[in-house]
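The values are calculated or read from the model by the stated rules, or taken from the named source; none is laboratory data. Just so you know, these numbers come straight off a predicted model, no measurement behind them. We place every Cβ from the backbone using ideal geometry, glycine too, and count neighbours over all the protein chains shown.
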Amino acid sequence: MTKILMLHGVNHNMFGKRDPKQYGTITLEEINNNIEQLAEELNVEVETFQTNHEGEMVEKIHEAFLSKVDGVVLNAGAWTHYSYAIRDALAILTVPVIEIHMSNIHSREAFRHKSVFAEIATGQISGFGEESYLLGIRAAVAASSNK
């Protein structure tokens, strides 16, 4: 069975409470429930993981490499713009990496326009709210079947 790892980054545990203009009112639990429903529909396994600690994110990516997941979907939040540690961990992977964002990072503050992951990601999805997650899962499944 295809195994996808969904990584939620810093502050995502506060979805539903923080900046509803950018992120809506959906909670992380609701996002994960929607991902679980899609996984059942696609007949794939999706593990979700959220942390506010950069080192834990790096360790989870290392674990993904060692356990041979078929693809990774990542919404790293603010880490997207500066975490070379997470970028270096992602570069170890030999599977598709799909970078996602709920908001359109290219239409926000200038510092959000740059992603340190873009050069190594298979693709990037942004600006579709919670749907970005589902599009990311679909993209990871499709890309992993084409490798």
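In region 35-59, the qualifying residues are those that are under 14 Å from Leu74 (Cα atoms) and among the polar types (S, T, N, Q), and the one that is surrounded by the most Cβ atoms within 10 Å (Cβ to Cβ) is Gln50. Restricting region 60-83 to residues that are among the small types (Gly, Ala, Ser) and surrounded by fewer than 14 Cβ atoms within 10 Å (Cβ to Cβ) leaves a set whose member that is modelled with the highest pLDDT is Ser67. If only residues of region 1-54 that are more than 16 Å from the chain's Cα centre (by Cα) and closer than 26 Å to Thr94 by Cα are counted, the one that is modelled with the lowest pLDDT is Met1.
Considering only region 2-12, I want to know if a residue exists there that is free of Cβ contacts under 8 Å to residues at least 12 places away in the same chain and either in contact with a Ser or Thr (Cβ under 6 Å, 6 or more places away or on another chain) or of a type in the set (Asp, Glu) (or both). No, the conditions are met nowhere in region 2-12. What's the number of the only condition in (1) β-branched (Val, Ile, Thr); (2) surrounded by fewer than 14 Cβ atoms within 10 Å (Cβ to Cβ); (3) over 22 Å from Ala39 (Cα atoms) that Ile86 fails to meet? Every listed condition holds for Ile86 apart from (2). Evaluated against (1) closer than 20 Å to Asn13 by Cα; (2) in a helix (DSSP H, G or I), Leu38 falls short on exactly one condition, (1). When restricted to residues that are polar (S, T, N, Q) and touching a Gly at 6+ places or on another chain (Cβ under 9 Å), region 23-52 contains 5.
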